[in-house]
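The values are calculated or read from the model by the stated rules, or taken from the named source; none is laboratory data. Everything numeric in this text was worked out from a predicted model, so none of it was measured. Here the Cβ positions follow ideal geometry from the backbone for every residue, glycine too, while neighbour counts run over all protein chains shown. To get the accessible areas, we keep the full protein, side chains included, count just its heavy atoms, and leave off ligands, DNA and RNA. Shrake-Rupley method; radii C 1.70, N 1.55, O 1.52, S 1.80 Å.
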Amino acid sequence: WNQQVYREWTKGVDDACSFNLKQPLLTRSDETNLIAVNFDPQLVAVLREVKYLKIREKEEIPSSAKVMYSQNDTFRKYVANLDLTVQWYNKVRTTILEVEYPLIEGQLVDIDRQLQRAEKLLNWGSDGVWEYIEQTRDHVYDLETRVQKSKDNVEEIKRIMTTWSKTPLFERKDEKYDCLLQVDDRPERINKRYADIKLAGDNIHSLVKQNLEYLKADVNSDIWKAYVDYIDEMVVDGFFNTIRCSLQFMLNNTDPKLNLGSLFEAKLELRVPEMVFVPSLDFGVADGFYDEVDGLVGDVYKQASLISRLAEHSGQQHYQPDLEDMEELSEMRQELMDRVQNIMNKANEYRNSFDNYAYLWVDDRNEFMRQFLLYNHVLTTEEIEAHADEGVPESPPTLAQFKEQIDTYEKIYDEALRIQDTEIFDSWFRVDAKPFKMSLLNIIKRWSFMFKQHLIDHVTNSLNNLKAFIKTTDAGLQREVKEGDYQGLVEVMGHLFAVRERQQSTDEMFEPLKQTIELLKTYNQEMPEEVHAQLQELPEQWTNTKKIAITVKQQVAPLQANEVTNIRRKSAAFDTSQIIFRENFRNIPPFKYDCDKPYEYLDMYHEEIKKMEQKMAAMIESAGLFEVSIPDFKQLKQCRKELRMLKTLWDYVTIVRSSINDWKTTPWKEINVEQMDLDCKKFAKDIRTLDKEMRSWDVFIGLENVVKNMLTSLRAVSELQNPAIRDRHWQQLMVATK
């Protein structure tokens, strides 16, 4: 250096050292309220230049600079510790949140009070500076450390609450779009998630408790409650995102526009007499599909109930009520349930499209077959009403009508076979119709097979019955009948009668049976070889049986003639006896109204008529066997008819008499004339509906008069019950009626 520069530099060093060492340690910004270390850069430059001169060892170093340099390490230590203090203090000032500030405000005031010494009183040359710097540094460090730990805890709470915001509670199986929502492991999945949340809740409460200590707050103070509300809101936000994640997953996967594949499935089953979905898609049914989805949503919301409320002063135990009140989540939930309702309506319409098959499982197959065999179709209400009296005339079905029925059900079977195994609605709901389809096909087959089985049984039974008949008849006709062997003659005549009775039907049965077998072949119903063999052999055997019958009839003709004479004689004698019985029967006591023991007489004559009917039945049977014409014995049949009519009529007499006798025990004031009048009118109406033949009988006339007299008496009783009746009226009545 030249001398002039050196002299100027020396003077500057002296001035800088004497001035700057008297500056305060710290300065504070009025705008930001932040502090800074007040160590002049000129001093730093002086120290650096002195160090350079010492290395050169050419120039003389000013004494003030030497003194400064000798304290270089001390100043370095001061500045370094003050820098840390400033850094920590400013960090607290710049990062503290509005909700946190009231909690540490008092602590900051204490620190600011301590910092004022460095800002106004202490300079770099003051005594006790280092002790002050150490004390202040530790004080600020303690606050900064605690504040930072509390912030770290808050960040940890935020992190914890984001744990489930990306993972729905329920997902597809194997996380593939073409798989259904996995609910098979619903209990295990829920339990695991709930356990994680409860554990996280314990951790959050522990972190908040730590912050209470870090911030040295009063748990009952309003500022602490405000701070807890701040963290409480973070938990609410976390649960909001958690619930929204699951709801959004369900909405995305039930959005027809996205076409992400079936998410839910219901099976359509036939549970006679109803078609049902499993789970049920009917509205208002417990444990149905609506309840299932609503239950899944409920499981999602329930997550918010698993952490106890941080803000106990809110009056709520957990967070679920807050989440249920959030409009955005409520709208998402409602949209999902609206989609569920819409899909239920569509699925039910799909189910209703199969109502045209309902008669297949509702109608009684046995009753259908019974009417078909009698009338070749199921009777309509109009037909039944039109033939209410005489009954619908029978009209057995033809083979063509059997074929028509079978073809009808075969056609229905082919139609049902084309039903799709699955049906997709709005791209996200799948109906598995296979269970219903299989049940329907089985029922249709049962209807079809019912007619086939009847034809099979008809062929088999017809041939077996004929075979058994031929065997029995041939053996019976081989018996030799001698004169006087009445029983043997009756047996032979019975066989001849049986052959005669079934000759026409049997002669005509073989060709229809062949046609029936051919028809069954078209439906892959093969008859056993035994049936084909019988169909070949039995016509010849039947012809042989008829020939035997003709021969035997000629052999027993003389014996038959004798028995015919005997039957006619017995018939004439029985006809006379039944005429006499008829004349006596018309005079039996039950025809009189004053009969004391009608049922005993009716029982007695029932037994007599029964014995005569047995004789008549035996005579008719013998006459049929021996081809003899005998009278109808109408008198005996009329006696039986009138005996039944008498029984019915005396039942009415008993009912009327017992009712009237019961009324006679009723106290005057309790007589219900209106009810008694209705009962009597009903008796009169019922009596008039009886057979008109009874109207001339004394018992009928007597019964009718009793009812009429009672009706007349009841009108008098009604008038006499008038409150206006006085004692003088009763006196007049007794005089008139004696």
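Cβ under 14 Å from Q371's Cβ, Q371 left aside: what net charge do those residues give with Lys, Arg +1 and Asp, Glu -1? In short, -3. Here the alpha carbons of the stretch 178-321 define both size measures, Rg and Dmax, at 20.9, 73 Å.
Projecting the Cα positions of V228, N241, T136 onto the charge dipole of the stretch 123-250 (unit charges on Cβ atoms of Lys, Arg, Asp and Glu, taken about the Cα centre) puts N241 furthest along the positive direction.
With every protein chain kept in place and ligands, DNA and RNA left out, what is the accessible area per residue of the chain? Probe 1.4 Å, answer in Å². Before the final figure, lay out the partial values.
On the way: 42040 Å² over 738 residues.
It amounts to 57 Å² per residue over the chain.
Please compute the alpha carbon radius of gyration of the stretch 670-710, then divide it by the globular-protein estimate 2.2 N^0.38 Å. Two decimals is fine. Could you put the intermediate results ahead of the total?
Details: Rg = 11.6 Å, N = 41, 2.2 N^0.38 = 9.0 Å.
Compared with the compact-globule rule of thumb, the stretch 670-710 sits at 1.29.
The portion of the accessible surface of the stretch 567-716 made up by carbon and sulfur, rounded to a whole percent, is 52 (1.4 Å probe; DNA, RNA and ligands excluded). Counting protein heavy atoms only, the stretch 368-444 has 51 percent of its accessible area on carbon and sulfur, 1.4 angstrom probe. In the neighborhood of R446, defined by Cβ-to-Cβ distances under 12 Å, what is the net charge if each Lys or Arg adds +1 and each Asp or Glu adds -1? Around R446, the surrounding residues sum to +2.
Sorting the Cα pairs of the stretch 204-262 by distance into bins of 5 Å, from 0 upward, gives 4, 15, 17, 14, 9, 9, 7, 7, 7, 5, 5, 1 percent per bin. Within the stretch 695-734, the trypsin sites (Lys or Arg not before Pro) that combine a DSSP coil assignment with at most 10 other C-beta atoms in a 10 angstrom radius are R726. Across the accessible surface of the stretch 253-318, with the other protein chains kept in place and a 1.4 Å probe, carbon and sulfur atoms take up 45 percent.
The orientation-averaged shadow of the Cα convex hull for the stretch 230-300, equal to a quarter of the hull surface, comes to 6.6 nm².
Nearest 5 percent is fine: what portion of the DSSP beta bridges confined to the chain is antiparallel?
Working: 14 of 18 bridges.
The antiparallel fraction comes to roughly 80 percent.
Loop-located GluC sites (Glu not before Pro) in the stretch 316-393 (DSSP state other than H, G, I, E, B) with a sparse environment of at most 13 neighbouring Cβ atoms within 10 Å: E390.
Mind checking the dipole of the chain: about its Cα centre, +1 per Lys or Arg Cβ, -1 per Asp or Glu Cβ, Debye to the nearest 20? The dipole of the chain has a size of about 1860 debye.
When the helix-only estimate is applied to the chain (DSSP H runs of n ≥ 4, each -39,500 (n - 2.57), divided by the residue count), what is the mean residue ellipticity at 222 nm, nearest 500 deg cm²/dmol?
On the way: 25 runs with 505 residues, N = 738.
Result for the chain, helices only: -23500 deg cm²/dmol.
Our coupling estimate for the stretch 93-108, obtained by passing each phi through the Karplus curve with A = 6.51, B = -1.76, C = 1.60 and θ = phi - 60°, is 4, 7, 9, 5, 8, 4, 6, 8, 4, x, 6, 10, 4, x, 5, 5 Hz, Gly and Pro reported as x.
In straight Cα distance, which lysines are under 16 Å from K225, not counting same-chain residues fewer than 8 positions off? Within the straight-line cut-off, K225 pairs with K209, K216.
Phi angles of the stretch 358-370 translate, via the Karplus equation with coefficients 6.51, -1.76, 1.60 and θ = phi - 60°, into HN-Hα couplings of 4, 4, 5, 10, 8, 5, 7, 4, 5, 5, 4, 5, 4 Hz per residue; Gly and Pro are given as x.
Between beta-carbons, use under 9 Å as the cut-off and find the net charge around V431, counting Lys and Arg +1, Asp and Glu -1. Display every interim value, and only then the final one.
Values: positive: K267, R351, R430; negative: E265, E423, D432.
That works out to 0.
Database remark: amide H of L122 closer than 5 angstrom to the amide H of L25 (H placed geometrically; neighbours at sequence offset of 5 or more, or on other chains; Pro and chain starts carry no H).
In terms of overall dimensions, the stretch 249-407 has a Cα radius of gyration and Dmax of 27.7, 89 angstrom.
Give me the mean projected area, in nm² to one decimal, of the convex hull enclosing the Cα positions of the chain.
76.1 nm²
Loop-located GluC sites (Glu not before Pro) across the stretch 75-166 with a Cβ neighbour count of 12 or fewer within 10 Å are E98, with loop assigned by DSSP.
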